[in-house]
Amino acid sequence: MPDPAYRAAPPGALRFEPLGEVTAIFDRRSVQTHLVVSPMPEILEAMGAGDCDAATLAARLAARFDLDGVADVGAILNERLGELAAMGLVERA
Amino acid sequence: MRHSTRIAVGPVQFRIGSDWAAPIAALDRLYAGYPQDEARPADATVRLFAARPWRRWLRPSVHIGGDFVVPDALPLPLSMGLLAAEMGMNLQVALGWRRHMLLHASAVAKDGRALIMSGESGSGKSTLAALLGEGDWRLMGDEFTLIDPASGDALAFPRAVSLKNEAIAAVAARVDVARLGPLLAGTPKGDIRHLIPRADAIAAMHEPARPALLLFPRFGGEASIEPMGEGEAFVRLTEASTNYVALGEAGFAALTRLVRETPAFGISYPDGAAGIALVEQLWADAAR
């Protein structure tokens with residue numbers, strides 16, 4: 001089964017405020033505050049405008065971060081995307 | 001209501017009505033020195049009323065009402081009418097105030113800069129603020145501190161300090177008895193005695209102060225200082241704010257700014273003197 005694709009929040013929906021090791025995210029649509037740690041902010045930033053699955057995301061993140069030696073990048077990103085979807089910060093495409 | 005009074009504490013104008021004269025007289029005594037502005041409309045209304053009309057005379061007990069009510073709040077005996085009024089005032093502010101972010105925290109100020117102390121009941125935040133307020137600090141409030149979302153400044157809410165249990169003796173020994181309210185013994189919160197803040201603190205209650213230090217005190221154990229990250233301070237203050245969610249993005253912006261611009265520490269202390277020593281030590285660094 002192919003990995004599910006996800007879509008980022010529309011521009012302006014989320015407000016990011018880094019607070020040391022955590023990032024506070026305010027979702028203007030739900031008026032909820034989320035606190036996340038790395039790699040969640042990086043994933044959200046790399047999502048881009050279109051639909052995006054774990055493999056696409058892995059390629060984008062690999063261009064910016066050293067992912068060599070990380071086993072199962074795809075599986076990890078799939079899991080994180082599922083968590084972000086549960087928070088309402090991304091949605092299934 | 002047969003008896004009523006108006007009280008201004010910081011930016012909040014209360015109207016308090018009561019079926020009995022005694023709680024109003026006690027409030028009028030505690031708040032006699034507070035500046036009054038009769039022309040301003042009330043922001044919050046507190047009502048102390050008898051459960052049933054005949055109970056006004058027979059085993060009188062006080063129910064707390066107002067714009068917001070807690071349905072399961074127990075009635076209090078009339079001898080605790082002052083506590084009922086205090087609880088009613090806290091409730092109306094905690095649930096109704098929207099102009100500022102409300103933190104369940106005490107605060108004191110020096111040179112226009114504020115030290116904010118947040119903690120659970122029993123953390124000693126109230127007692128520390130009261131003791132500091134008898135020294136060279138200005139007491140801003142023992143229970144609530146307001147943060148202005150526009151400027152980031154802290155605003156005072158210097159209600160009469162609610163001293164509890166051991167704190168009563170610790171503070172009463174240092175102040176003129178004329179500044180103390182009646183002893184309310186055996187309330188659901190233990191013994192309570194109110195302390196009227198110093199006249200200079202009341203006179204300055206409309207002056208904002210820039211937050212300079214955030215402390216999360218814990219009473220008991222060895223004296224210790226733990227630096228606290230911005231993320232943890234943020235989480236703790238969202239929990240300490242009664243209207244963070246209601247303020248929406250304005251609250252988010254105010255709180256992220258507060259924790260980013262203000263150094264935060266958790267402190268433990270075995271007694272009041274040790275607590276004050278830790279506060280003064282951290283302040284000396286923060287105010288540099």
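The values are calculated or read from the model by the stated rules, or taken from the named source; none is laboratory data. Keep in mind that this is a model prediction, so the values were computed, not measured. Cβ: placed from backbone, ideal geometry, glycine included. Neighbour counts: every protein chain shown.
Looking at residue B:198, is it touching a residue at least 60 places away in the same chain (Cβ under 8 Å), closer than 30 Å to residue B:178 by Cα and more than 14 Å from chain A (Cβ to nearest Cβ)?
Answer is yes for this residue.
In this structure, does residue A:76 turn out to be of a type in the set (Val, Ile, Thr), away from chain B (no Cβ under 14 Å) and in contact (Cβ under 8 Å) with a residue 40 or more places away in the chain?
no
With respect to the numbered conditions (1) at pLDDT 85 or above; (2) farther than 24 Å from residue B:274 by Cβ, which one is the sole condition not fulfilled by residue B:119?
Of everything listed in (1) at pLDDT 85 or above; (2) farther than 24 Å from residue B:274 by Cβ, residue B:119 misses just condition (2).
Quick test for you: out of A:72, A:68, A:53, A:27, pick the one residue that is acidic (Asp, Glu) and at pLDDT 95 or above.
After applying the criteria, what remains is A:27.
Can you pull out every residue in the stretch B:209-254 that is within 12 Å of chain A (Cβ to nearest Cβ), of a type in the set (A, V, I, L, M, F, W, C) and closer than 24 Å to residue B:98 by Cα?
B:233, B:234, B:235, B:237, B:245, B:246, B:247, B:250, B:252, B:253, B:254
Mind counting the residues in the stretch A:12-44 that are away from chain B (no Cβ under 14 Å), in contact (Cβ under 8 Å) with a residue 24 or more places away in the chain and either at positive phi or not β-branched (Val, Ile, Thr) (or both)?
Within the stretch A:12-44, residues that are away from chain B (no Cβ under 14 Å), in contact (Cβ under 8 Å) with a residue 24 or more places away in the chain and either at positive phi or not β-branched (Val, Ile, Thr) (or both) number 2.
Might you check whether a residue that is closer than 19 Å to residue B:218 by Cα and within 21 Å of the chain's Cα centre (by Cα) occurs anywhere in the stretch B:240-252?
Yes, there is a match, as at least one residue in the stretch B:240-252 is closer than 19 Å to residue B:218 by Cα and within 21 Å of the chain's Cα centre (by Cα).
Which of the residues that make up the stretch A:25-81 are basic (Lys, Arg) and crowded, with 16+ Cβ neighbours inside 10 Å?
A:60, A:80
What number of residues within the stretch B:14-34 satisfy the criterion of being part of a strand (DSSP E or B), under 18 Å from the mean Cα position of the chain (by Cα) and surrounded by 22 or more Cβ atoms within 10 Å (Cβ to Cβ)?
Within the stretch B:14-34, residues that are part of a strand (DSSP E or B), under 18 Å from the mean Cα position of the chain (by Cα) and surrounded by 22 or more Cβ atoms within 10 Å (Cβ to Cβ) number 2.
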